[in-house]
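Trainee: For reference, the structure I am asking about is given below.
Quick note: the coordinates plus some simple rules give every number you see, no bench work behind them. Owing to the predicted nature of the structure, the values given are computational and were not obtained by experimental measurement. Here Cβ is always computed from backbone atoms with ideal geometry, including for glycine, and neighbour counts include all displayed protein chains.
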Amino acid sequence: MRAFSLANAGHLPVTGDLHPLKREFTRWLSTANAVALLTVILLFGSWYVYSKANREEEAPANATIVKYTELGVPPSIKEPSAPQVNVAEAIVPPSIGVPEPVPDAEATESTIATQSEMSEALAPFTADDIGGSGDSIVVDVDRSPGMGEFVAFDELPVLLSIQPPTYPELVRQAGIDGTVLVQVLVGKDGKVKQSIAVEGPEPLRAEAVRAARTALFKPALQGTSPVEVWVQVPIVFSLNR
């Protein structure tokens, strides 16, 4: 590495721009910039010469001058209309399946039933027609509602009387007590038609159902007519009684 002279150094140690490393850095930076600039110029010149040599010569455009008197009639700007087709001539009538008229004398069979024949076909039938004994068919629509089935009514049943339940002795000795809920179907006459225990101690349910069947109600009313409804009756068993 070439050494730098310290003749111009006013004092030692040398600092600032007179320092040897500082001067060495400046020299190498200038050299690098010059080399980079020269490289760019050479690359650009090479590309320009290459593209100039490979460029195809453009063919000269030939322009033909035509006088307006030589031009024909310009085309119409309206859309061309499709030729009309005679539908009657285009449709060919079928050669098969054409009905032929029949004289009235040949049409002897009647295919349409008369009023009397239709009435006889729709006549009401009896049990004899379906293999019965000949009695009339009666459908009983006055059935009792199922438990949980909705029944419309205006007044609820009113409990008038009920026999107290009999406490089973074995159940009393076992110390079992409680309330049994019984669903009862109150008929139109106010009497219990069905009774089902739905909740309560199992040993007490049978006696609760028996006691609920002795109940007498004022029946439920729909308007002024009695109706059958299900109601819930609690039967209480207490050891303190």
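Trainee: Need one word for the stretch 158-237: rounded, prolate or oblate. Basis is the Cα gyration tensor (sqrt eigenvalues a ≥ b ≥ c); a/c below 1.5 gives rounded, then a/b vs b/c decides.
Mentor: prolate
Trainee: Give the peptides 181-191, 166-176 in descending order of average Cβ contacts within 10 Å, highest first.
Mentor: 181-191, 166-176
Trainee: Here's another thing I want to ask about it. I want the local charge near Gly223. Using Cβ-Cβ distances under 14 Å, sum +1 for each Lys or Arg and -1 for each Asp or Glu among the other residues.
Mentor: That sum, taken over residues with Cβ under 14 Å, equals -1.
Trainee: Fully extended, how many nm does the chain gain between Trp47 and Phe25 (0.36 nm per residue separation, minus their Cα-Cα distance)?
Mentor: Here the segment from Trp47 to Phe25 would lengthen by 4.6 nm.
Trainee: Show me the ranking of peptides 33-42, 219-228 by mean Cβ neighbours inside 10 Å, starting with the highest. Intermediate results must be reported in sequence, preceding the final value.
Mentor: Details: 33-42: 10.0, 219-228: 16.1.
Ranked from most to least packed, the peptides come out as 219-228, 33-42.
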